[in-house]
Amino acid sequence: MNENRQVLFRVFELIDRYCDLSKEASDSQVVDPLPPELLKNRLDLSISENGTTYDNLLELVESYLASCVNTTHRQFFNQLYAGMNLPAFIGEIITALTNTSMYTYEVAPAASLIEMELIDKMCSIVGFDNGEGTFLTGGSNANLMAMFSARNRAFPEVKQKGMRNIDVLTVFASDQSHYSFDTGANLLGIGSDNIRKIRSDKLGRMIPEALEEAIDKSIKAGEKPVLVAATSGTTMLGAFDPIDEIASIAEKYDIWLHVDGAFGGSVVLCDKGKKLLKGLESADSFTWDPHKLMNIPLMCSALLVKKKGTLASNLTTLDTKYIFHENDTRFYDLGKSSIQCGRRVDVLKLWLAWKYFGDKGYKRRMEKLFSLAGYATRKVESDSRLELLVPPQSIAVCFRYINENGEDTDEFNLALREGLMKSGKSLVNYGYLGKKVAIRFVAANPDVDYGDIDQFFNNLFYVAEQIDKIGIEGLRD
Ligand SMILES: Cc1ncc(COP(=O)(O)O)c(C=O)c1O
């Protein structure tokens with residue numbers, strides 16, 4: 001075997017060991033948390049003048065893998081994505097292997113057709129019969145593109161003239177919405193102060209009456225509302241805003257309605273999820289991140305738009321003849337509706353995974369997520385040591401530990417989460433609900449079982465009991 005092939009085989013052995021495709025290494029750590037100074041020593045970061053050997057390179061890969069948070073691990077509940085999706089992983093490797101860019105059919109013939117096919121499929125699932133879309137680098141950027149489209153629909157002249165003669169533009173999103181709207185407002189010259197944060201109810205859903213009040217107030221103040229953003233799956237609570245009620249208000253005031261389904265959008269693939277997204281077909285655009293609940297490796301995000309032609313018409317027409325040629329395949333040049341020039345083939349991994357699991361497979365995977373979250377919720381509800389902070393609408397379960405050692409409960413929960421991370425046994429994130437620290441358990445990996453969730457709570461209780469005994473400071477020593 002020649003050296004290159006040997007290297008590749010060794011890489012695949014490392015991959016196999018790392019992601020534990022055989023699911024045998026259940027005693028492995030999800031994370032080996034090291035402070036930056038220690039990690040720097042482990043990683044041998046500097047670049048040498050003379051390069052190195054493949055043997056050394058593979059040692060570096062091993063130490064890199066040992067330092068990574070293993071997001072494929074069955075105890076990783078930290079983020080809105082998790083797990084290992086083998087068909088998608090194959091797609092990721094083939095994308096790197098074939099290294100091309102999505103701008104023209106000429107250099108990405110098969111990928112362009114695959115992207116068109118999946119955009120059509122996704123549009124038809126969400127009810128955009130005359131829709132279009134594009135893959136882009138994340139849900140935040142999909143939200144940005146939606147805001148850009150809304151701004152330019154309301155004020156097409158901004159494209160050439162800029163914002164100089166434009167009224168104050170306003171955007172409406174719930175107080176639970178993702179921070180990407182604030183960033184988007186900043187980038188687009190709308191200004192983050194002009195995002196009106198609409199009150200949400202106890203479950204974290206936007207209150208439609210509060211939305212209408214805010215729009216009315218904005219109009220009376222002489223401002224120009226350009227976008228209402230509903231969220232399907234809020235980042236902390238996994239809450240779903242009532243799209244149909246919000247859509248009626250957006251229609252009444254002729255405002256672009258965007259639905260941010262970056263986190264929860266994928267649940268539209270099962271019946272329960274479809275109900276949560278009721279009214280989606282009335283939206284003007286929809287963010288959908290397959291890299292979250294469809295378990296496609298990052299990045300894999302799409303923006304779907306209801307009306308064909310919107311994306312290209314928003315872009316500035318430039319002299320791009322050096323790249324977009326007037327040939328027979330020009331209608332397949334997807335770069336004309338993207339703000340990127342070079343663009344990775346992110347669709348191949350999604351296509352392979354969807355081919356492999358099929359619609360039914362993905363439906364079952366979404367149902368499994370709901371069932372795992374339901375199981376975790378019941379565990380919290382039935383244990384007097386835990387408090388469920390908000391009844392979950394979907395797959396994020398926010399709770400806290402009720403300590404009885406006299407220490408502050410928020411401090412205790414922060415220490416508990418950190419202690420659990422330092423144990424390396426389970427990883428879960430936290431955020432704030434009001435002023436309360438909330439541990440947020442996310443069921444994003446349908447390949448885990450109830451037993452893994454039992455294990456998670458056992459690991460959590462073990463650390464909590466330790467803190468109960470030795471106190472927060474004791475744990476930090
Ligand atoms: C509701 C919501 N919208 C948008 C985003 C941003 O998505 P991305 O991380 O793909 O940029 C997130 C990420 O967590 C999210 O939860």
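At-a-glance table
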{"quantity": "Residue match in segment 308-322 (condition: within 16 Å of the ligand (Cβ to nearest atom) and modelled with pLDDT of 95 or more)", "calculated": "no"}
{"quantity": "Enumeration of residues in segment 75-98 that are open to solvent by 30 Å² or more (accessible area, probe 1.4 Å) and either outside any loop (DSSP other than H, G, I, E, B) or at pLDDT 95 or above (or both)", "calculated": "Gln79, Tyr81, Leu86, Phe89, Ile90, Glu92, Ile93, Ile94, Ala96, Leu97, Thr98"}
{"quantity": "Residue within segment 334-347 that is farther than 25 Å from Ile125 by Cα, of a type in the set (S, T, N, Q) and at pLDDT 95 or above present", "calculated": "no"}
{"quantity": "Hits in segment 99-115 - residues which are assigned to a helix (DSSP H, G or I), more than 23 Å from the chain's Cα centre (by Cα) and surrounded by 17 or more Cβ atoms within 10 Å (Cβ to Cβ)", "calculated": "Ser112"}
{"quantity": "Residues (part of a loop (DSSP other than H, G, I, E, B), aliphatic (A, V, I, L, M) and touching a Ser or Thr at 6+ places or on another chain (Cβ under 7 Å)) located in segment 316-356", "calculated": "Ile323, Val345"}
{"quantity": "Subset of segment 53-95 [over 18 Å from the mean Cα position of the chain (by Cα) and within 19 Å of Tyr356 (Cβ to Cβ)]", "calculated": "Leu86, Pro87, Ile90, Gly91, Ile93, Ile94, Thr95"}
{"quantity": "Every pair of residues 6+ apart whose Cβ atoms lie under 7 Å, when the first sits in segment 393-415 and is within 14 Å of Lys469 (Cα to Cα) while the second is open to solvent by 30 Å² or more (accessible area, probe 1.4 Å) and aliphatic (A, V, I, L, M)", "calculated": "Ala415/Leu475"}
{"quantity": "Residue that is out of contact with any strand residue (DSSP E or B) (no Cβ under 8 Å at 6 or more places or on another chain), more than 25 Å from Gly204 (Cα to Cα) and at pLDDT below 95, where the choices are Glu418, Glu404", "calculated": "Glu404"}
{"quantity": "Flag if Ala376 is more than 14 Å from Asn85 (Cβ to Cβ), modelled with pLDDT of 95 or more, open to solvent by less than 50 Å² (accessible area, probe 1.4 Å) and out of contact with any Gly (no Cβ under 7 Å at 6 or more places or on another chain)", "calculated": "yes"}
{"quantity": "Pair list, Cβ under 7 Å, 6 or more apart: segment 158-180 residue in a helix (DSSP H, G or I), other residue of a type in the set (D, E, K, R) and away from the ligand (no atom under 16 Å from the Cβ)", "calculated": "Val158/Arg151"}
{"quantity": "Subset of segment 54-71 (residues that are more than 18 Å from Asp16 (Cβ to Cβ) and open to solvent by 80 Å² or more (accessible area, probe 1.4 Å))", "calculated": "Tyr54, Asp55"}
{"quantity": "Pick from segment 130-148, criterion closer than 18 Å to Leu293 by Cβ and near the ligand (Cβ under 7 Å from one of its atoms), ranking: surrounded by the fewest Cβ atoms within 10 Å (Cβ to Cβ)", "calculated": "Gly138"}
{"quantity": "Hey, Lys308 assigned to a loop (DSSP other than H, G, I, E, B), free of Cβ contacts under 8 Å to residues at least 40 places away in the same chain and surrounded by fewer than 24 Cβ atoms within 10 Å (Cβ to Cβ) or not", "calculated": "no"}
{"quantity": "Residue match in segment 116-124 (condition: open to solvent by 60 Å² or more (accessible area, probe 1.4 Å) and not in a helix (DSSP H, G or I))", "calculated": "no"}
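The values are calculated or read from the model by the stated rules, or taken from the named source; none is laboratory data. Computed from a prediction, not measured in an experiment: that's the story for all the values here. With ideal geometry, Cβ positions are generated from the backbone for all residues, glycine too; neighbour counts draw on all protein chains shown. Heavy atoms of the whole protein, side chains included, go into the accessibility calculation; ligands, DNA and RNA do not. Shrake-Rupley method; radii C 1.70, N 1.55, O 1.52, S 1.80 Å.
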